[in-house]
1. What are the pairs with Cβ atoms under 6 angstrom where one residue, in the range 27-40, is free of Cβ contacts under 8 Å to residues at least 60 places away in the same chain and under 13 Å from E4 (Cβ atoms) and the other, located anywhere, is of a type in the set (D, E, K, R) and part of a helix (DSSP H, G or I)? Sequence gap at least six, or different chains.
2. Being surrounded by 10 or more Cβ atoms within 10 Å (Cβ to Cβ) and in a helix (DSSP H, G or I) is the filter here, so list the residues in the range 5-28 that pass it.
3. How about the range 29-52: which of its residues are surrounded by fewer than 13 Cβ atoms within 10 Å (Cβ to Cβ) and of a type in the set (G, A, S)?
4. In the range 29-64, which residues are more than 11 Å from the chain's Cα centre (by Cα), closer than 28 Å to D15 by Cα and assigned to a helix (DSSP H, G or I)?
Amino acid sequence: MITELLEDIVSRGVDPKRKMLFVIDGSKALRAAINAVFGSHQPVQRCRAHKLRNVLDYLPKDQRRRSRACCARLETGTREGHGADQKAGRVAG
């Protein structure tokens, strides 16, 4: 089904040989469809929001809010985030 959707996009004029960045949720089926239709040479990146959500799901519920805030500071590079990687290690460890 996913392959057919991507093939439909190509039939509407998207050039499958043109280099594109695919940002996906980590679905193996979607990755396989991208490889089949656009080629395995196309760069694929995991969506950071989905990745963070998946990682937080492994933490105890009482640590998720603080860990999410710590990760947000790491991404933005804010001054408050200085040393946040060490804090993240304490939270996760």
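Computed from the coordinates by the stated procedures, all read-outs in this text should not be read as laboratory data. Since the structure is predicted, the reported quantities are computational estimates derived from the model, not experimental observations. Glycine also receives a Cβ, built like all others from the backbone with ideal geometry; neighbour counts cover every protein chain displayed.
1. V37/E7
2. L5, L6, E7, D8, I9, V10
3. Those that are surrounded by fewer than 13 Cβ atoms within 10 Å (Cβ to Cβ) and of a type in the set (G, A, S): A29, G39, S40, A49.
4. Of everything in the range 29-64, those that are more than 11 Å from the chain's Cα centre (by Cα), closer than 28 Å to D15 by Cα and assigned to a helix (DSSP H, G or I) turn out to be A29, L30, R31, A32, A33, I34, N35, A36, V37, F38.
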